[in-house]
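What follows is a set of notes on a single structure, which appears directly below.
The values are calculated or read from the model by the stated rules, or taken from the named source; none is laboratory data. Computed from a predicted structure; not experimentally measured. We place every Cβ from the backbone using ideal geometry, glycine too, and count neighbours over all the protein chains shown.
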Amino acid sequence: MQRELTPSFIAECLSYDPLTGELRWRERPRAHFASDAAFKTHLRTKAGKLAGCLDLSTGYIVIGLSRKLIYAHRAAWVIMHGEWPSGDIDHVDGDRLNNAASNLRSVSHAENCRNSSMKSFNRSGAHGIGFAKREGKWRARIMRDYRDIHLGYFSTREEAVRAREEASAAYGFHENHGRAK
């Protein structure tokens, strides 16, 4: 039986522990199911157990509910606040599996991007830093409001990193931005 994923419906289906971030299936009412068999199967196999599974393509926990997929961190937010977040949900520490209340915050997409981990293809070991072969120097840059801002060329990697750190602070990037995964 397909139902709209309202905050109240999600709270009827899942319980949330704000300290651990765990979501568990509740003993749902019979009205949530199309048949007695489906209801009994839920009680026998799911009620009280951890909800969701790891989506390997995104690294987030997803939960199948009413024939739809919902990210566990969004479900946690809905249960805590009784409403959908106004923007993205940011995992403050960068751990996509840590859905503890203290680790979740509702932010704009741009702000969420200012708390991202270092990309796997980064070869310099520092966020926003690369070696410019043609110039023979280290280049520092930063993205702000979807614009690439050139911070300059530097003789040493350390100077480029310092310039990037100063720009990160000036542009309001989160202190965890650029952390290693």
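The rows are residues; the columns are (1) in contact with a strand residue (DSSP E or B) (Cβ under 6 Å, 6 or more places away or on another chain); (2) within 20 Å of residue 7 (Cα to Cα); (3) without any contact (Cβ under 8 Å) to a residue 24 or more places away in the chain.
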site: 49; (1), (2), (3): yes, no, no
site: 55; (1), (2), (3): yes, no, yes
site: 58; (1), (2), (3): no, no, no
site: 64; (1), (2), (3): no, yes, yes
site: 67; (1), (2), (3): no, yes, no
site: 76; (1), (2), (3): yes, yes, no
site: 79; (1), (2), (3): yes, yes, no
site: 83; (1), (2), (3): no, yes, no
site: 89; (1), (2), (3): yes, yes, yes
Please go through the range 25-53 and give me each residue that is surrounded by 16 or more Cβ atoms within 10 Å (Cβ to Cβ) and within 21 Å of the chain's Cα centre (by Cα), ordered by number. 51, 52
Breaking point among (1) surrounded by 14 or more Cβ atoms within 10 Å (Cβ to Cβ); (2) within 30 Å of residue 146 (Cα to Cα); (3) of a type in the set (A, V, I, L, M), for residue 97: (1)
Tally time: how many residues in the range 100-144 are aliphatic (A, V, I, L, M), touching a strand residue (DSSP E or B) at 6+ places or on another chain (Cβ under 8 Å) and crowded, with 17+ Cβ neighbours inside 10 Å? 5
Which condition from (1) farther than 30 Å from residue 75 by Cβ; (2) assigned to a loop (DSSP other than H, G, I, E, B); (3) acidic (Asp, Glu) is the one that residue 175 breaks? (1)
Determine whether residue 157 is more than 23 Å from residue 19 (Cβ to Cβ), among the basic types (Lys, Arg) and surrounded by 15 or more Cβ atoms within 10 Å (Cβ to Cβ). yes
Quick one: in the range 8-24, of everything that is within 22 Å of residue 91 (Cβ to Cβ) and of a type in the set (Ser, Thr, Tyr), which residue is surrounded by the fewest Cβ atoms within 10 Å (Cβ to Cβ)? 20
What is the number of the single condition among (1) at pLDDT 90 or above; (2) among the polar types (S, T, N, Q); (3) surrounded by 14 or more Cβ atoms within 10 Å (Cβ to Cβ) that residue 168 does not meet? (1)
Checked pairs for the range 152-170, first closer than 18 Å to residue 137 by Cα, second of a type in the set (D, E, K, R), C-beta under 7 Å and 6 or more apart or across chains, list as 153/135; 153/137; 153/139; 154/137; 155/137; 160/139
Which of the strands (runs of 3 or more DSSP E) contained wholly in the range 19-133 include at least 3 residues that are of a type in the set (A, V, I, L, M, F, W, C)? 60-65, 129-132
